[in-house]
Amino acid sequence: MATRRPFFCGNWKLNGSIAESLALATNVRNGVATLRAADVVVAPSFTALHAVAKRLEGGSSGPVAVAAQNCHFEDKGAFTGEVSASQLADVGCKYVILGHSERRQLFGELDAAVNLKARAALRAGLAPIICVGETLAERDAGETLGRITAQLDAAIADIAEADLARCLVAYEPVWAIGTGRTASPAQAQEVHAHIRASVARKFAGVAASLRILYGGSMKPDNVRALMAEVDVDGGLVGGASLQAESFVRMIKEGS
Ligand code: PEP
């Protein structure tokens, strides 16, 4: 059985000046400096990416990598206001969060766009963190697993096995994001196992090592129970990543 290294990404969303982002990133880096058991990533706003990536690069106190929260699917051209994956790589990003439910719900992002963005990210050398998740209405209607399959299949369409090996998947039930309501460990495990089995049907070689993150009101006091589930490999964390102390405590509890 593959051992999967825990992975925690703090999604800072639309928060933070450059100075605030640098302070938070520095405190996270210092907080996890002696931790060798997990991969730690922070996802500041576009405006702070370069400064934070510079602050975190190299250094002896343990690397914390940088993710963007979105990218465009074309590499260049007349796309006013967009940022390409190669531009993100240029400023020092290693990862990009794609298909977050806020992008899907508030900005009309469709499954097909998530797929184009994932392929653009891979071309640029970034590792996509692909988000999937059901709404409360879909869960109540018994449609959770079907919805997840549809989102996942669309997101990874035409991605080769070697490229899929560079991706992460985040299961983020929409009803748990920013609500204080967390999926129970059993609910998370059911969906994570389903994601792994879906990937295994296509790419058996990748499924066992694919890291599947949970996201949705993950906190220091619930991370341990979630991480105890066999298919939960880490977290995509919103609110609790905005304070270095709680993010670092969570990573330590969960690793
Ligand atoms: C998120 O937005 O990815 C998220 C999981 O947010 P929160 O932890 O605040 O629920």
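Summary of values
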{"item": "Most mobile listed residue (ALA141, ALA85, ALA120) in the chain, GNM with C-alpha springs under 10 Å", "result": "ALA141"}
{"item": "Cβ-based net charge around ALA48, under 13 Å, with every Lys or Arg adding one and every Asp or Glu removing one", "result": "+2"}
{"item": "Residues of region 225-255 with amide N under 12 Å of a point placed 7 Å along Cα→Cβ from ASN30", "result": "244-245"}
{"item": "Reduced Cα scattering model of region 69-206, Debye log10 I(q)/I(0), q = 0.10, 0.19 Å⁻¹", "result": "-0.33, -1.11"}
{"item": "Rough spin-label spacing in nm, given labels placed 7 Å along Cα→Cβ, for THR149 and ASP75", "result": "3.6"}
{"item": "Alpha carbon Rg of region 1-149, scaled by the compact-globule rule 2.2 N^0.38 Å", "result": "1.12"}
{"item": "Protein accessible area in region 105-214, 1.4 Å probe - carbon and sulfur %", "result": "56"}
{"item": "Among LYS117, LYS202, LYS94: highest mean-square fluctuation, GNM of the chain, C-alpha pairs under 10 Å", "result": "LYS202"}
{"item": "Sum of side-chain charges, ARG4 neighbourhood, beta-carbon under 15 Å (Lys, Arg +1; Asp, Glu -1)", "result": "0"}
{"item": "Centroid-to-centroid separation of region 66-130 and region 136-215 [C-alpha atoms, Å]", "result": "19"}
{"item": "Fraction of alpha-carbon pairs over 17 Å apart in region 144-218 - percent", "result": "42"}
{"item": "Reference-scaled alpha-carbon Rg (2.2 N^0.38 Å with N residues) for the chain", "result": "0.93"}
{"item": "Pairwise Cα inverse-distance average, inverted: Kirkwood Rh of region 36-81 (Å)", "result": "12.5"}
{"item": "Backbone N under 20 Å from the ARG181 label point (7 Å along Cα→Cβ), restricted to region 142-161", "result": "142-148"}
{"item": "Segment ASP140-ALA37, length gained on full extension (0.36 nm per residue, minus Cα span)", "result": "33.4 nm"}
{"item": "Accessible area per residue, Å², the chain with all protein chains present, probe 1.4 Å", "result": "43"}
{"item": "Region 5-60 shape via C-alpha gyration tensor axes, a/c threshold 1.5", "result": "prolate"}
{"item": "Positive minus negative residues near ASP75 (Lys, Arg vs Asp, Glu; Cβ under 15 Å)", "result": "+1"}
{"item": "Most fluctuating residue given options ASP153, ASP75, ASP140, as computed from a GNM of the chain linking Cα atoms under 10 Å", "result": "ASP140"}
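The values are calculated or read from the model by the stated rules, or taken from the named source; none is laboratory data. These numbers come from a predicted model, not from an experiment. Neighbour counts run over all protein chains shown; Cβ positions are idealised from the backbone, glycine included. Accessible surface areas use protein heavy atoms only, side chains included; no ligands, DNA or RNA. Shrake-Rupley method; radii C 1.70, N 1.55, O 1.52, S 1.80 Å.
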